[in-house]
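For reference, the structure is listed below as structure tokens.
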Amino acid sequence: MDWIEQLKNLMGNEIISTKTSDLENCASDYTEDLSFLPNVVAIPKSVEDVSAILSFCNTHEIPVTPRGAGTGLSGGSLPVCGGVSLSMHKFNRILSIDEENFQATVESGVINETFQEAAKEKGLFYPPDPASKGSCFLGGNIAHSSGGPKALKYGTTKDYVLNLEVVLPSGEVIWTGADTLKNSTGYNLTQLIIGSEGTLGVVTKIVFKLLPMPKHDLLLLAKFRSIHDACKIVPQLFIQGIEPSALELMESSAVHYVLDRSDNISFIVEEETKAYLLIEVDGNDMEKLFADCEHINNVLEDANVIEVQFADTAEQKEKLWTIRRSIGEKVKSHSIYKEEDTVVKRAYLPELMIAVKDIGQEYGFETVCYGHAGDGNLHINILKGEMTDEKWTGKHLEEGIRKIFRKCKEFGGTISGEHGIGFVQKKYINEALSPINIDIMKGIKAVFDPKNILNPNKIWR
Ligand code: 2HG
Ligand code: ZN
């Protein structure tokens, strides 16, 4: 009897599916146009199910690829070696929200925004807000320590996790930390699992810390004649003592892609506007927020800005955030593209921008730039456009991307700020990490997963 029959006998047909529709649903994620069919899809309903599946696969050396909502952008949940796609969507319970301790315990398949809204009902705030917050799972956010616009003021997923229930490749179940705000007891296994992209263990429960919900937020839209002008002013805003809760950059071409592919957004991109900054401030004192906006306006006035608009109604704010949050999806619907998630010290953003445009010119590809300017985290969508298949898939484009990554290193940065390495960035890992760092990481992987069954062929070769 082959392993699939054995696994079905062990777990039952309700949990182990070989239905074509299930296999096809787990074959791709939001990464480019890649697709890899698993042999089976496992749909566990409990930690015990996950443990039994991993223990079986470990014994029989069957690859297991954990999968959340499939909104990843580096191919982290692609079953590139076949085997089992472990779908965590049944782990969708918010187990508790503890208003006394400002903590919550959730299962890893809870949607980010569902959790945010449940916390908000109790006056509590879970800040990490990826662009895909309406569909991405918290377990996937753990896999990459996902960020989003509010990461600038509030940090990313890693800053809110106190404890994790994790099923190891052997099937053993551990808790990595403690439900306490402070913990200095042995190595920090919680932070080691966060960002490990499902290669060290399968997260089944998460204990988060929460904040009080800020009462107000205000949003400004600044228009610039060039994306370089927009990038130049970013460090100045902080030097002048401003503390935005979000500071996002949008090239006007990115906004055009959104408007061209959306029916109900009324927004005009003036000819001379080539870039925008979205600047948000939040807090509990409205007077102070208005003073902050005045201060931001004054700083921008000195920075060759075309115009600063103040979004003071919920509808105006919603429209601007909708435009910003849908850029990735709308660019993808227009053209074959590669998504780069570069991050540098933010004062180097202007130079990075010049380098990206020059390299695009040199290698013949168009780039659409946007992202979290306040964090120095620039998303670059490289469009195939007129490039030949041979250049697009071969060494030509790879060389251009390597040049961009080398500029990131030169500017004190690295090759991924939040999307991770997964499958599509692994050939570039040596641009970011030294051989000894990679060896240490491989050593850690060997401790957790000696048979290399969990999410194999990711992060490095
Ligand atoms: C964002 O900040 C996301 O918009 C990127 O990190 C989304 O490129 C995407 O699809
Ligand atoms: Zn982003």
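The values are calculated or read from the model by the stated rules, or taken from the named source; none is laboratory data. Everything numeric in this text was worked out from a predicted model, so none of it was measured. In this analysis, Cβ positions are derived from the backbone assuming ideal geometry, glycine residues included, and neighbour counts consider all displayed protein chains. These area figures cover heavy atoms from the full protein model, side chains too; ligands, DNA and RNA do not enter into them. Shrake-Rupley method; radii C 1.70, N 1.55, O 1.52, S 1.80 Å.
Condition first: assigned to a helix (DSSP H, G or I), more than 16 Å from ligand 1 (Cβ to nearest atom) and touching a strand residue (DSSP E or B) at 6+ places or on another chain (Cβ under 6 Å). Can you find one or more residues in the stretch 321-331 that meet it? No, because not a single residue in the stretch 321-331 is assigned to a helix (DSSP H, G or I), more than 16 Å from ligand 1 (Cβ to nearest atom) and touching a strand residue (DSSP E or B) at 6+ places or on another chain (Cβ under 6 Å). Exactly one residue out of L247, L259, L277 is surrounded by fewer than 19 Cβ atoms within 10 Å (Cβ to Cβ) and within 22 Å of G148 (Cα to Cα), and it is L259.
Being surrounded by 15 or more Cβ atoms within 10 Å (Cβ to Cβ), touching a residue at least 40 places away in the same chain (Cβ under 8 Å) and not polar (S, T, N, Q), is that true of even one residue in the stretch 171-178? Taking every residue of the stretch 171-178 in turn, at least one turns out to be surrounded by 15 or more Cβ atoms within 10 Å (Cβ to Cβ), touching a residue at least 40 places away in the same chain (Cβ under 8 Å) and not polar (S, T, N, Q). Quick check: is even one residue across the stretch 414-429 free of Cβ contacts under 8 Å to residues at least 12 places away in the same chain, out of contact with any His (no Cβ under 9 Å at 6 or more places or on another chain) and not β-branched (V, I, T)? No, because not a single residue in the stretch 414-429 is free of Cβ contacts under 8 Å to residues at least 12 places away in the same chain, out of contact with any His (no Cβ under 9 Å at 6 or more places or on another chain) and not β-branched (V, I, T). If I filter the stretch 428-440 for residues that are open to solvent by 40 Å² or more (accessible area, probe 1.4 Å) and within 16 Å of ligand 1 (Cβ to nearest atom), do I get at least one hit? Checking the stretch 428-440: not a single residue is open to solvent by 40 Å² or more (accessible area, probe 1.4 Å) and within 16 Å of ligand 1 (Cβ to nearest atom). If I filter the stretch 8-27 for residues that are within 26 Å of G420 (Cα to Cα), out of contact with any helix residue (DSSP H, G or I) (no Cβ under 6 Å at 6 or more places or on another chain) and of a type in the set (V, I, T), do I get at least one hit? No, that holds for no residue. Considered as a group, the residues in the stretch 311-330 that are loosely packed, with under 13 Cβ neighbours inside 10 Å and modelled with pLDDT of 95 or more include one that is nearest to ligand 2 (Cβ to nearest atom), and that residue is E318. Considering only residues that are open to solvent by 30 Å² or more (accessible area, probe 1.4 Å) and within 16 Å of ligand 2 (Cβ to nearest atom), which ones fall in the stretch 373-400? If the condition is that a residue be open to solvent by 30 Å² or more (accessible area, probe 1.4 Å) and within 16 Å of ligand 2 (Cβ to nearest atom), then D375 is the only one that fits.
Say whether the condition of being within 14 Å of ligand 1 (Cβ to nearest atom), farther than 30 Å from R406 by Cβ and part of a loop (DSSP other than H, G, I, E, B) is met by at least one residue in the stretch 302-311. No - not one qualifying residue is present in the stretch 302-311. Being open to solvent by 70 Å² or more (accessible area, probe 1.4 Å), small (G, A, S) and within 16 Å of ligand 1 (Cβ to nearest atom): is that true of S266 here? Considered against the rule, which asks whether it is open to solvent by 70 Å² or more (accessible area, probe 1.4 Å), small (G, A, S) and within 16 Å of ligand 1 (Cβ to nearest atom), S266 comes out as no.
Does the stretch 98-155 hold any residues that are under 17 Å from D282 (Cβ atoms), crowded, with 19+ Cβ neighbours inside 10 Å and within 16 Å of ligand 1 (Cβ to nearest atom), and which are they? Hits for the stretch 98-155 are P127, P128, D129, K133, G147, G148, P149, K150, A151, L152, Y154. Taken as a whole, the structure leaves K403 outside the set of residues that are away from ligand 2 (no atom under 16 Å from the Cβ) and either out of contact with any helix residue (DSSP H, G or I) (no Cβ under 6 Å at 6 or more places or on another chain) or free of Cβ contacts under 8 Å to residues at least 40 places away in the same chain (or both).
Flag set for D292, criterion: in contact with a strand residue (DSSP E or B) (Cβ under 8 Å, 6 or more places away or on another chain) and open to solvent by 10 Å² or more (accessible area, probe 1.4 Å). The single condition among (1) without any contact (Cβ under 8 Å) to a residue 60 or more places away in the chain; (2) buried (at least 19 other Cβ atoms within 10 Å of the Cβ) that E272 does not satisfy is (2). Figure legend. Inter-residue proximity from the stretch 27-52: first residues in contact (Cβ under 8 Å) with a residue 60 or more places away in the chain, second residues assigned to a strand (DSSP E or B) and within 16 Å of ligand 2 (Cβ to nearest atom), beta-carbon distance below 9 Å, spacing 6+ or different chains. Indicated pairs: Y30/E339; T31/E339; E32/Y337; E32/K338; E32/E339. Is there a residue in the stretch 271-293 that is under 18 Å from F224 (Cα atoms) and assigned to a helix (DSSP H, G or I)? Within the stretch 271-293, one or more residues are under 18 Å from F224 (Cα atoms) and assigned to a helix (DSSP H, G or I).
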